[in-house]
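Worksheet: the structure to be examined is printed underneath.
Every read-out reported here was derived from the displayed coordinates using simple, explicitly stated rules and does not represent laboratory data. Keep in mind it's a predicted model, so treat the numbers as computed, not measured. Every residue, glycine among them, receives a Cβ derived from its backbone with ideal geometry; neighbour counts consider all protein chains shown.
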Amino acid sequence: MSTHKTRLAIFCSGSGSNFQAIFRALKKKQLNAEIVLCLSNRVECGAMEFARLNAIATVHLTEKQFDSLDDFAAAMLGSLTEQRIDIIVLAGYMRKVPDAVVTAFQDRIINIHPALLPKFGGEGMYGIYVHAAVLEAGETESGATVHLVNEEYDKGRILMQRHVPVLPDDTPETLAERVLACEHILYPDALEKILAEQQS
Ligand code: GRF
């Protein structure tokens with residue numbers, strides 16, 4: 001068994017509730033990993049605030065800070081290399097990860113999506129739009145999916161899923177709440193599985 005503590009970078013754009021769930025689970029489950037970097041396209045958001053409060057290094061990076069996408073990708077790779085990151089965890093990161101980073105971190109970037117992929121994924125399927133589409137389609141269940149990230153939105157290999165019922169009186173908002181609660185269990189479980197496989 002490896003003694004190396006897996007070094008995680010969390011990429012976020014919003015409240016960071018999945019980030020917080022993972023942070024707590026790492027301690028509670030005594031997993032051999034630590035979150036050493038929070039990268040965000042927004043300097044002020046719940047996730048960045050949580051990172052600062054918990055003495056986790058933060059990096060604010062947006063495409064707008066650079067002349068080209070290549071420079072943006074190079075800066076992102078620089079931060080990841082500097083922190084010796086092993087795995088990138090996307091937790092509500094509302095930007096596409098540059099292809100150069102996906103290539104450099106092949107099979108080492110994971111994402112959570114608030115539906116049962118391959119249904120209700122792809123470009124434009126994010127946030128409340130996902131839950132509205134699930135209700136519109138008359139589904140009786142939804143859930144969340146943890147998957148590997150490749151160059152195409154929501155198309156990487158599925159690693160783990162968790163289901164929740166869709167209730168007759170659901171609105172997109174009530175369904176979103178139920179799915180988010182399920183994500184907070186699923187993401188730490190999936191990470192635990194990945195770490196166990198990687199470290200065995
Ligand atoms: C989650 O619903 C996740 O599935 C999606 O973005 C949301 C992030 O929420 N990718 P939070 O920032 O973790 O609260």
Springs between alpha-carbon atoms under 10 Å, Gaussian network over the chain: tell me which of Ala133, Ala73, Ala144 tops the mean-square fluctuations.
Ala133
Go ahead and set up a Gaussian network model of the chain, Cα springs under 10 Å, then flag whichever of Pro188, Pro168, Pro98 fluctuates most.
Pro168
Residues with amide H under 5 Å of Tyr93's amide H, sequence separation 5 or more or different chain, H placed in the peptide plane at 1.01 Å from N; which?
Ser13
Loop-only trypsin sites (Lys or Arg not before Pro) in region 100-160, please: DSSP not H, G, I, E or B, and at most 11 other Cβ atoms within 10 Å.
Arg157
Cross-link partners among aspartates and glutamates for Lys28, C-alpha distance below 15 Å, same-chain residues fewer than 8 apart left out?
Asp189, Glu192
Measuring from centroid to centroid over Cα atoms, what is the spacing of region 147-194 and region 23-76 in Å?
21
Would you mind ranking Glu63, Glu44 by Cβ crowding within 10 Å, fewest neighbours first?
Glu44, Glu63
Mean-square fluctuation maximum in Gaussian network of the chain, Cα pairs under 10 Å, restricted to Gly127, Gly16, Gly156, hits Gly127
Starting from 0.36 nm per residue, how many nanometres of slack lie between Glu34 and Gln199 once their C-alpha separation is accounted for?
58.0 nm
If you count the DSSP beta bridges with both ends in region 6-199, what percent of them are antiparallel, to the nearest 5?
40
Order of Val146, Val130 - criterion: other Cβ atoms within 10 Å of each residue's Cβ, fewest first
Val130, Val146
Using a 7 Å offset from the Cα along the Cα-to-Cβ direction at both Glu49 and Lys64, what is the distance between the two label points in nm, to one decimal?
2.0
So what's the convex hull volume per residue for the Cα atoms of the chain, in Å³?
116
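How long is the gain from Lys155 to Ala74 if the chain were fully straight, where each residue apart is worth 0.36 nm and the alpha carbon distance is subtracted?
Working: separation 81, 0.36 × 81 = 29.16 nm, distance 2.41 nm.
Stretched out fully, the Lys155 to Ala74 stretch lengthens by 26.8 nm.
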Which links in Lys5/Lys155; Lys29/Lys155; Lys64/Lys193; Lys29/Lys64; Lys5/Lys64; Lys5/Lys119 stretch past 32 Å when you go from one Cα to the other?
Lys64/Lys193; Lys29/Lys64; Lys5/Lys64; Lys5/Lys119
For Glu141 paired with Ala104, estimate the spin-label separation in nm (one decimal), with each label point 7 Å from Cα along the Cα-to-Cβ line.
4.0
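Going by how many other beta carbons lie within 10 Å of each one, how would you line up Tyr93, Tyr126, Tyr187, fewest first?
Ranking Tyr93, Tyr126, Tyr187 by Cβ neighbours within 10 Å, fewest first, gives Tyr126, Tyr93, Tyr187.
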